[in-house]
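Below is one structure; the comments refer to it alone.
The values are calculated or read from the model by the stated rules, or taken from the named source; none is laboratory data. In this text, all values refer to a predicted model and were calculated from it rather than measured experimentally. Because the Cβ atoms are built from the backbone with ideal geometry, glycine has one as well, and the counts that use them run over all protein chains shown.
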């Protein structure tokens, strides 16, 4: 079993404990079975890099997940209605399957004090991939300490029809899912990214 596989399996058990199977309308066993092909493929990948397990929006809807993030005993929240959260769609093609992993995720503190549109261009120029809404929620769920230490991040890999991008930041000592305009600048919000995404087809 590779380091990547071990990390992904720990993350899977964490989201199962947080109730993701119930959100998906299935048993924990069925939920694990959906992840099995990806985890099996990761067994043969011997790369010493951080990975983040991401369940896709087809499996669990993003609007139901922010409440399953937490800082201590403070659960995450959003003032956006579910329809608004669902309006954010990925701007790039993502790996197929109910699960995939992003490699070497970051909250993007190197891109603080940048408008999302500017940060997206810089991320692209640096050969990196901007995180999507689903990926950002996975990051805040698995690494709430990163959210505390880096304060917040935008996810420029997703965008709504009116141009807004989603973001997660600390509010009332809790993770808050919100949005921002692509030309808005925040000195304390990074722009999250990863180095690549891998699904079962990309691991074969």
Test: residue in segment 170-185 that is at pLDDT below 90 and closer than 23 Å to residue 104 by Cβ: no
Checking residue 77 against (1) crowded, with 18+ Cβ neighbours inside 10 Å; (2) touching a helix residue (DSSP H, G or I) at 6+ places or on another chain (Cβ under 8 Å); (3) touching a residue at least 24 places away in the same chain (Cβ under 8 Å), the condition it does not meet: (1)
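Within the group 70, 5, 57, 64, which residue is crowded, with 18+ Cβ neighbours inside 10 Å, under 29 Å from residue 171 (Cα atoms) and either out of contact with any helix residue (DSSP H, G or I) (no Cβ under 9 Å at 6 or more places or on another chain) or modelled with pLDDT under 95 (or both)?
57
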Residue match in segment 157-174 (condition: crowded, with 23+ Cβ neighbours inside 10 Å, within 13 Å of the chain's Cα centre (by Cα) and farther than 20 Å from residue 77 by Cα): yes
Test: residue 143 is in contact with a strand residue (DSSP E or B) (Cβ under 9 Å, 6 or more places away or on another chain) and over 19 Å from residue 15 (Cβ atoms): no
Residue 120 vs. criteria part of a helix (DSSP H, G or I) and over 29 Å from residue 14 (Cα atoms): yes
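Considering each of 119, 33, 41 in turn, give the residue that is in contact with a helix residue (DSSP H, G or I) (Cβ under 9 Å, 6 or more places away or on another chain) and modelled with pLDDT of 95 or more.
None of the others qualify; the one that does is 119.
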Residues satisfying the stated conditions in segment 20-59, i.e. over 20 Å from residue 7 (Cβ atoms) and in contact (Cβ under 8 Å) with a residue 40 or more places away in the chain: 23, 57, 58
Where a residue in segment 125-137 is touching a residue at least 12 places away in the same chain (Cβ under 8 Å) and at positive phi and its partner, wherever it lies, is in a helix (DSSP H, G or I) and buried (at least 24 other Cβ atoms within 10 Å of the Cβ), with Cβ under 8 Å and at least six apart: none
Tally, over segment 175-201, of residues that are in a loop (DSSP other than H, G, I, E, B) and buried (at least 16 other Cβ atoms within 10 Å of the Cβ): 5
Selection within segment 123-134 - within 10 Å of residue 154 (Cβ to Cβ) and either part of a loop (DSSP other than H, G, I, E, B) or out of contact with any strand residue (DSSP E or B) (no Cβ under 9 Å at 6 or more places or on another chain) (or both): 131
